[in-house]
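First comes the structure, then the notes that go with it.
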Amino acid sequence: MSDNRLEIRNLHARIAGGETILKGVDLIVPSGEVHALMGPNGSGKSTLAKLMAGDPSYEVLDGDILIDGESVLELEPDERARAGLYLAFQYPVEVPGVSIANFLRLALNARREEGDEVGVMEFYAKLQRAVKALDWDESIIERNLHEGFSGGEKKRSEVLQLLVLEPRYAILDESDSGLDVDALKVVANGVNAARGPNFGALVITHYQRLLNYIVPDMVHVMSSGRVIESGPKELAMDLDAKGYDWIREKHGITASGDAVAHA
Amino acid sequence: MSDLRPINDHPDAAKLEGLDHTRQYDFQLAENYSYKSERGLNKRVIEKLSYMKNEPEWMLKFRLRAFEIAEKKGRPKWGPDLSHLNFDEIFFYIRPQDRKGTNSWDDVPEEVRETYKRLGIPEAEQKMLAGVGAQYESEMVYHSLKEEWEKQGVIFLDTETGLQEHPEIFKEHFATVVPPEDNYFAAVNSAVWSGGSFVYVPAGVEISVPLQAYFLINAQSMGQFERTLIIGEPGSKFHYIEGCTAPTYNSDSFHSGVIEIIVKDRANVRYSTIQNWSHNVYNLVTQRAIVGERASMGWLDGNLGSKVTMKYPSTYLLGEGAHGEVLSIAFATDGQHQDAGAKVIHAAPNTTSSVVSKSISKGTGRSSYRGLVQIHEGATNARSNVECDALLLDEHAMTDTYPYIEINEKTAHVGHEATVSKLNDEQIFYLMSRGLPEDAAMALIVRGFLDPVAKELPLEYAVELNRLIELEMEGSVG
Ligand SMILES: Nc1ncnc2c1ncn2[C@@H]1O[C@H](COP(=O)(O)OP(=O)(O)OP(=O)(O)O)[C@@H](O)[C@H]1O
Ligand SMILES: [Mg+2]
């Protein structure tokens with residue numbers, strides 16, 4: 001049982017052939033828990049998220065990423081997804097001409113054996129439940145993947161996919177940014193609906209506000225490519241009130257460390 | 001490329017039909033024809049051919065005249081490289097009974113049969129595609145449809161039978177849209193044509209079920225030099241479909257068809273074709289429609305196979321308020337050159353047209369869009385919009401665009417838009433992160449790219465096209 005978790009061990013990684021971004025990340029999200037990951041712009045949160053999902057534009061230099069005790073470093077992104085991992089992207093791409101319904105059916109079937117494809121009725125019932133949970137109009141499923149979507153609609157689509165694909169571990173990269181208050185509640189409800197003993201999530205956010213709706217079991221703070229502080233949900237409130245400097249100081253890190261790639 | 005003259009100076013072009021586009025589809029049947037003409041093109045071959053078809057005198061004369069024209073014209077000096085096309089090695093006529101009966105299903109290579117199976121094509125149809133000459137399963141269906149059509153006065157026959165049974169209608173329209181003088185390959189076709197479809201729909205008759213050339217397989221509708229003649233009388237409405245997304249076997253390496261369509265006033269005609277010839281084939285087709293007052297012509301043209309394809313469906317909007325539409329898909333893989341496009345001539349006021357071309361190049365494939373929009377003086381308020389989008393799947397894949405626009409009328413509105421995109425790594429990663437393997441992710445992006453055109457296809461064709469793209473993408477991941 002203790003193995004049921006998402007784990008990052010001493011992860012060092014760089015942009016393929018380029019600059020090192022992650023400098024020894026350690027992080028554990030046990031199944032059944034929701035953890036928040038916070039940290040200044042440029043500290044490496046999205047890089048970590050994409051590395052976990054297997055983005056080939058980054059290179060692992062050292063360390064490991066494990067799902068339920070098994071290393072996934074050698075797995076392709078699709079294999080990691082089929083192992084139960086899901087990433088809600090900070091910036092979801094557009095894929096013209098591919099409808100959400102069509103795409104999700106393919107994605108669901110990719111997880112199943114040939115010959116055991118999801119039934120059409122079963123699929124639509126599932127999709128409709130998810131659309132409803134997000135308080136969305138049903139016509140959305142016939143629209144092409146993010147083509148012409150507003151920022152908030154893209155975020156909603158990422159959570160819709162999460163509800164349909166039912167991963168065992170989800171990473172939500174700023175799924176709250178760009179959402180109005182009502183949409184924020186809707187998205188939070190969507191994530192809460194997925195909560196359960198067999199679901200673990202890492203919620204990346206800049207705002208305490210989201211954490212009022214998705215109450216985290218733990219909060220981690222990332223800075224300069226490392227997790228420098230972890231604590232209970234109250235840590236997020238401190239950050240909201242005081243910013244990051246006090247933690248950085250505590251760990252002897254300068255603010256420029258996070259923005260180094262922008263320098 | 002400076003020697004490329006505008007397409008209207010040359011006729012639309014001819015085509016070669018190559019059946020499929022990936023190497024795994026390429027196959028050959030044993031050569032065991034009991035009769036073939038001698039190799040090469042000459043008067044003797046034409047006389048023999050006409051004699052064997054028991055044709056009227058005028059047709060023989062027409063053929064011989066066309067041969068002289070071809071001799072005089074010579075091959076086009078523009079467009080794709082045709083230097084490997086050697087007429088002296090080609091049989092210009094093979095009797096249909098010889099073409100069929102002697103081939104055996106057992107001769108069709110295992111991997112081709114496997115491809116058919118994976119495409120989910122019924123066995124009877126597989127045999128037909130492989131040129132084995134099996135009866136098409138739906139023949140029964142066809143017979144009841146045919147009775148229905150006959151009651152309405154619709155004629156739907158292979159072209160030879162059309163000539164025999166309806167000599168007057170035939171002679172009145174034949175070669176009026178594409179005369180042999182039009183271009184070299186049209187002249188060659190006129191000299192040696194065999195097979196094709198003859199369609200006549202009387203005034204005011206609307207047919208809801210598409211007329212499928214499949215139904216005419218016994219008449220070798222996909223012959224080497226097929227000649228199709230389609231006539232829509234005033235106010236008629238119908239859809240003609242031929243070809244198939246599945247790789248079609250053909251042992252001939254040169255295919256040059258002529259398709260003539262006459263859309264009379266207020267008629268509405270659609271012609272859809274998807275061709276997937278084997279990699280050895282030069283596919284040079286002339287297809288053209290003339291469109292009357294407030295009539296409408298729609299082309300859907302899919303080119304997947306062949307070594308070289310040159311094909312530019314053209315639409316002459318001759319009557320006031322006539323409308324023309326072209327949807328074109330081209331898929332070029334290793335060693336292939338798809339030179340496709342459209343030609344629209346606005347020769348009357350208030351005519352409208354739209355061209356959407358989607359091309360995909362993979363490996364060392366090259367796809368070219370070659371198009372002409374011409375607005376004649378006096379064709380007031382003509383409107384035309386052309387959109388061509390190219391997708392490159394590999395570093396070495398190529399695409400080019402030759403859009404020619406000639407406007408001789410001040411009131412014309414002509415739009416042209418061209419885009420070139422590459423397969424996007426971020427999109428692939430995104431789709432993979434949802435569980436799709438890389439090849440499936442690529443196939444999905446390609447399908448999405450083609451979607452605006454594919455959704456105009458009849459469902460079974462769209463399904464086959466999708467399957468084909470998936471097959472095409474399989475194993476394309478290093
Ligand atoms: N593909 C890339 N090319 C160039 N720089 C990159 C790339 N990916 C990440 N970086 C740089 O790495 C650093 C970390 O970026 P990352 O997106 O992980 O930050 P983040 O913590 O998610 O920030 P934010 O809160 O603004 O989303 C930044 O300086 C960024 O510019
Ligand atoms: Mg980020």
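Taking the range A:188-206 as the range and being modelled with pLDDT under 90 and either within 13 Å of the chain's Cα centre (by Cα) or more than 27 Å from residue A:129 (Cβ to Cβ) (or both) as the test, only A:191 passes.
Taking the range A:61-90 as the range and being within 14 Å of ligand 1 (Cβ to nearest atom) and open to solvent by 10 Å² or more (accessible area, probe 1.4 Å) as the test, the residues that pass are A:89, A:90.
Among the hydroxyl-bearing types (Ser, Thr, Tyr) and assigned to a loop (DSSP other than H, G, I, E, B), is that true of residue B:364? So residue B:364 passes the test. Residues that are outside any strand (DSSP E or B), within 16 Å of ligand 2 (Cβ to nearest atom) and closer than 18 Å to residue A:81 by Cβ within the range A:47-65 comprise A:48, A:49, A:50, A:51, A:52, A:53, A:55, A:57, listed in sequence order.
Restricted to strands (runs of 3 or more DSSP E) entirely inside the range A:131-244, those with at least 1 residues that are surrounded by fewer than 21 Cβ atoms within 10 Å (Cβ to Cβ) are A:218-223, A:226-231. Just so you know, in the range A:245-263 the residues that are under 26 Å from the mean Cα position of the chain (by Cα) and modelled with pLDDT under 65 include one that is farthest from ligand 1 (Cβ to nearest atom), and it is A:257. Checking the stated criteria, residue A:94 turns out not to satisfy the condition of being more than 11 Å from ligand 1 (Cβ to nearest atom), away from chain B (no Cβ under 14 Å) and either more than 17 Å from the chain's Cα centre (by Cα) or open to solvent by 10 Å² or more (accessible area, probe 1.4 Å) (or both).
In this structure, residue B:297 does not satisfy being under 20 Å from residue B:282 (Cβ atoms) and assigned to a strand (DSSP E or B).
Once the range A:29-46 is narrowed to residues that are within 16 Å of ligand 2 (Cβ to nearest atom) and over 11 Å from the mean Cα position of the chain (by Cα), the residue that is nearest to residue A:213 (Cα to Cα) is A:38. Among the residues making up the range A:154-183, a single one is more than 16 Å from ligand 1 (Cβ to nearest atom), over 21 Å from residue A:139 (Cβ atoms) and at pLDDT below 90: A:181.
Every test in (1) open to solvent by 10 Å² or more (accessible area, probe 1.4 Å); (2) away from ligand 2 (no atom under 16 Å from the Cβ); (3) within 14 Å of chain B (Cβ to nearest Cβ) is passed by residue A:104 save one, and that test is (1).
The residues in the range A:40-60 that are more than 7 Å from ligand 1 (Cβ to nearest atom) and within 14 Å of chain B (Cβ to nearest Cβ) can be counted, and the count is 9.
The values are calculated or read from the model by the stated rules, or taken from the named source; none is laboratory data. Worth saying up front: this structure is predicted, and the values here are computed from it rather than measured. Positions of Cβ are generated from backbone atoms using ideal geometry, with glycine treated the same way; all protein chains shown enter the neighbour counts. Note: areas computed on protein heavy atoms with side chains; ligands, DNA, RNA excluded. Shrake-Rupley method; radii C 1.70, N 1.55, O 1.52, S 1.80 Å.
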